[in-house]
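Engineer: This structure is in structure tokens; I'll ask about it shortly.
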Amino acid sequence: MQEEVVKTAIEEDVDVIGLSFLAWGQMHITSEVMRQLKERNLNDILVIVGGIIRDEQIPKLLEMGVARVFGVGSATTEIV
């Protein structure tokens, strides 16, 4: 899945990747997406994460290079 996200981002020449999580996997999936982006020197693609994110995960996601983390109930105007 992570490889497909990065592959599609390259093919579509995106500026932002948004990852949304409703249950689990945010740490593993996000770290893999970030690793693959770095391996391809795609540091100009902004990555945001949202959904059900525990407070203690936020600093770790930001350390990975995620630009912003949006929890449940975040306003779309804030995200944009």
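The values are calculated or read from the model by the stated rules, or taken from the named source; none is laboratory data. Predicted model, so just to flag it, every value in this text is computed and none were measured. Cβ coordinates were reconstructed from backbone atoms using ideal geometry, including for glycine residues, and neighbour counts include every protein chain displayed. Just so you know, the surface numbers come from the protein's heavy atoms only, side chains and all, with ligands and any DNA or RNA stripped out. Shrake-Rupley method; radii C 1.70, N 1.55, O 1.52, S 1.80 Å.
Engineer: In percent, what relative contact order does the chain have, based on Cα pairs under 8 Å that are 6 or more apart in sequence?
Structural biologist: Reported as a whole number, the value is 31 percent.
Engineer: In degrees between 0 and 90, to the nearest 10, how far off the longest principal axis of the chain does helix 2-12 point, with axes built from Cα atoms?
Structural biologist: 60
Engineer: Another question, if that's okay. Quick one: accessible surface of L19, probe radius 1.4 Å, all protein chains present, in square angstrom to the nearest 10.
Structural biologist: 10
Engineer: Could you tell me how many degrees, from 0 to 90 and to the nearest 10, lie between the Cα long axis of helix 26-39 and the main elongation axis, the longest principal axis, of the Cα atoms of the chain?
Structural biologist: Approximately 30 degrees, to the nearest 10.
Engineer: Go ahead and estimate [θ] at 222 nm for the chain from helices alone: -39,500 (n - 2.57) per DSSP H run with n ≥ 4, summed, over the residue count, rounded to 500.
Structural biologist: Calculated at 222 nm, the ellipticity per residue is -12500 deg cm²/dmol.
Engineer: Treat every Asp and Glu Cβ in the chain as -1 and every Lys and Arg Cβ as +1, leave all other atoms uncharged, and give the resulting dipole magnitude about the Cα centre to the nearest 20 debye.
Structural biologist: For the chain, the charge dipole is close to 240 debye.
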